[in-house]
Each structure stands twice: as structure tokens, then as C-alpha cells.
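Visitor: Before I ask anything, let me first share the structure, which is written out below as C-alpha cells.
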Amino acid sequence: MEIIIQPTAKDGSAVAAGIVARLLREKPDAVLGLATGRTPLLLYRELVQMKLDWSRVTTFNLDEYVGPPPAHPASFHCFMWEHLFRHVNVPKENVHIPDGLTKDVPAFCRQYEDAIRPAGGIDLQVLGIGTDGHIGFNEPTSSLASRTRLKTLTAQTRSDNARSFGGDDRVPHHVITMGIGTILEARQILLLAFGHAKAQAIAAAVEGPVTAMNPASALQLHPVVKVVLDEPAAARLSKADYYRWVYDNKPDWQII
Ligand code: PGA
């Protein structure tokens, strides 16, 4: 893992945007795995401002709530169009977001998985992290080999996401999420975490054991992971000074 600690979320998002932009310039038909939530908002804003060419890009989103229609303001469909897709020239048919209204969840999940491979596989997967260490909506005890499927949210995650629904009791219990096994097949992973609320989950994911109790810890098994943090999210890392030194002293040939 490469741990990149930046002073603020804005600085971290600029680093992350540079990584995504570089990929899109080098591989105009790249396949991106995308995340929702507060964390990637500044990243998406930066990417929009960069005016990149998205005409050949394909995207797969991590997850979606089961129940709310795509037009619901808290749905991840709505989030993605509002904050990214409507501002860039990505063809609508290249955008994939799990269908939270599907009548046949297992069949839909199989089709979602089956669409990733012919698209070329995911080149870069953007991830946030939950306060409980979830990635996508893979809650603690998710199989580290899991594939796209139905999951049930924990009370903690429903509470963390209550704001967009106007109260804990309005947050759906069920979601469709890519699995941890699905995520680990991406060629490169970019995990973002900002704010002190994420410090414990990040310390466990980066420096703790690989365990289904912190699903993000499974990323330790992936060879190309960049973890971009602001100072508050890095506050509980025991080797933070080492990570800073490594980043500040990268050899010229080791391009970010
Ligand atoms: P957040 O959510 O970006 O809104 O903090 C992250 C997550 O739950 O994965």
C-alpha cells in the first residue's frame, strides 16, 4: 500500500484527481470503478474542472440502495449524475450503476459482474471507507471473496447515511454492492478517507490484520493500492512519519 497523507481533503482530492486524470490521458478507453458518498465529492469536482475526455470511458459504480427509484435524491444514480456524469462527456450507455429496483436481485448481480469483464475489467477503482471499515457496502463479516450481491446495512452505516434520507428510520436496510472479490480484481485501487471519523477504520485497514471485521483490510492483499488521507484521517497511523517520508522522497522514475 502507498499511504499519501495530505494536509486537507482538498489537497488529497487534488492528488487523487491527478491519478485519475493521468489514467484517462494514457488510456482514453479506461474502465473506472466509482464510489459515492461525501468523500469523493471534491475529487469529482476537480475532475469536472479538468475538462478531460470521457467519450470512451466506461464506469461501474460500487453500489446502490434497494428500493428508492433512480430519481430519489439520496439514490446513488442521482448522486452520480448530479456530481459527475452530467458535467462530463461520458456516453450514457457506458455508465453502469446497480439497479436498486430490479425484481431479480441474484440475476441482476450476475449480469453486473458479467458486464465488467467484456468491458476490459476495471482499471482503477475509487473507494471511500465506512466508519466500520466497509468498502462499497461490504459490511464487517462480508466474505473477502464476495461478489456483487444483496447486503444488509448495519445500524451504524444507516445512521452514518441518515442525513441524505432525512432520518435513520428512512434509510433502506438493503443494498446491492460489488463484492470484495470484485473490488480486488481492479488493476489499481484508490482509497480516499477524510476526517477524524475515519481515523480508526483507516488505522485498522492499513496497519491491522486482514480480517472480515474490517473489510478494507482486504486491500492489503492487492498489489497496487494508493490510500489518500487528510491529516485527521491519518491521525491513528503508527507509521505516519514513515509514509510521509516515503511520499516526499519518491525517486523520479516512480511516478504517482
Ligand atoms: P462517506 O461514506 O464518503 O459519505 O463518508 C463512505 C462510505 O460509506 O464508504
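The values are calculated or read from the model by the stated rules, or taken from the named source; none is laboratory data. What you are looking at is a predicted structure, and each value in this text was computed from that prediction instead of being measured. Virtual Cβ from ideal backbone geometry, glycine too; neighbours counted across all protein chains shown. Note: areas computed on protein heavy atoms with side chains; ligands, DNA, RNA excluded. Shrake-Rupley method; radii C 1.70, N 1.55, O 1.52, S 1.80 Å.
Visitor: In the range 4-21, how many are open to solvent by less than 10 Å² (accessible area, probe 1.4 Å) and outside any helix (DSSP H, G or I)?
Guide: Number satisfying all stated conditions: 1.
Visitor: Please find, among 132, 123, 160, the residue that is surrounded by 18 or more Cβ atoms within 10 Å (Cβ to Cβ), closer than 23 Å to residue 44 by Cβ, of a type outside the set (A, V, I, L, M, F, W, C) and within 13 Å of the ligand (Cβ to nearest atom).
Guide: Being surrounded by 18 or more Cβ atoms within 10 Å (Cβ to Cβ), closer than 23 Å to residue 44 by Cβ, of a type outside the set (A, V, I, L, M, F, W, C) and within 13 Å of the ligand (Cβ to nearest atom) holds for just one of 132, 123, 160, which is 160.
Visitor: I'm checking my understanding of the structure. Among residues of the range 184-218 that are within 12 Å of the ligand (Cβ to nearest atom) and open to solvent by less than 10 Å² (accessible area, probe 1.4 Å), which one is farthest from residue 228 (Cα to Cα)?
Guide: Top of the filtered list is 215.
Visitor: May I ask you to list the residues in the range 22-46 that are within 15 Å of the chain's Cα centre (by Cα) and either within 16 Å of the ligand (Cβ to nearest atom) or assigned to a loop (DSSP other than H, G, I, E, B) (or both)?
Guide: If the condition is that a residue be within 15 Å of the chain's Cα centre (by Cα) and either within 16 Å of the ligand (Cβ to nearest atom) or assigned to a loop (DSSP other than H, G, I, E, B) (or both), then 33, 34, 35, 36, 37, 38, 39, 40, 41, 42, 43, 44 are the ones that fit.
Visitor: Please determine, by comparing only the residues of the range 49-84 that are assigned to a helix (DSSP H, G or I) and out of contact with any helix residue (DSSP H, G or I) (no Cβ under 8 Å at 6 or more places or on another chain), which one is surrounded by the fewest Cβ atoms within 10 Å (Cβ to Cβ).
Guide: Per the stated criteria, the residue is 49.
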